[in-house]
1. Taking LEU120, is it at pLDDT 80 or above, in contact with a helix residue (DSSP H, G or I) (Cβ under 8 Å, 6 or more places away or on another chain) and surrounded by 14 or more Cβ atoms within 10 Å (Cβ to Cβ)?
2. Which condition does ASP103 not pass, out of (1) at pLDDT below 85; (2) surrounded by 11 or more Cβ atoms within 10 Å (Cβ to Cβ), if it passes all the others?
3. So which pairs qualify, if the first residue must be in segment 80-99 and at pLDDT 70 or above, the second must be of a type in the set (Lys, Arg) and assigned to a helix (DSSP H, G or I), the Cβ gap must be under 9 Å, and the two must be at least 6 apart or on different chains?
4. For SER41, are the conditions met, namely being of a type in the set (S, T, N, Q), at pLDDT 85 or above and closer than 24 Å to ILE2 by Cα?
5. Taking the conditions exactly as written (over 14 Å from VAL112 (Cα atoms), surrounded by fewer than 11 Cβ atoms within 10 Å (Cβ to Cβ) and at pLDDT 70 or above), does SER31 satisfy them or not?
Amino acid sequence: MIIMAIDHCYLFFYQTHYAETWNSSMPNYGSYAVFFTRWISNICAPGFSLLMGMSMSFSLSKSINDFDKWPKAYFFIKRGIVLIILQQLLDFPSLLFNIDSLDKWPPFRGGVLYALGVSLIFVPFL
């Protein structure tokens, strides 16, 4: 979490944040420290989803029967909806005021919170 916090604070202090996409060339980071911080922080998002899935599995496996699982499933579904709404609210100023130069379509763009929220919604049904 400390590495991820350093990666997020880079935008605040240096007013630039490097983005790697599939259809563009690799950015020039300027130093090895910035490159390795960015490289290690890209492992954090899959780690968050792995830990979330493990905790959901442990929480649902403690249930005695199927009737005991549904209140927890509703809790996960509600939390997933909250995460999706939170991701959209965090992106809303950039959609209104054209803060970043990313493509603005579709209006509901994904992110780490969006992916975690969708997983929270669909996993209880599986």
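The values are calculated or read from the model by the stated rules, or taken from the named source; none is laboratory data. Treat the numbers as computed from the prediction; the structure is a model and nothing was measured. Here the Cβ is made from the backbone with ideal geometry for all residues, glycine too, and neighbour counts use every protein chain on show.
1. Answer is yes for this residue.
2. ASP103 satisfies every listed condition except (2).
3. That search, which allows pairs on different chains as well, returns nothing.
4. Working: of a type in the set (S, T, N, Q): yes; at pLDDT 85 or above: no; closer than 24 Å to ILE2 by Cα: yes.
Considered against the rule, which asks whether it is of a type in the set (S, T, N, Q), at pLDDT 85 or above and closer than 24 Å to ILE2 by Cα, SER41 comes out as no.
5. Details: over 14 Å from VAL112 (Cα atoms): yes; surrounded by fewer than 11 Cβ atoms within 10 Å (Cβ to Cβ): yes; at pLDDT 70 or above: yes.
Judged against the criteria, SER31 is a match.
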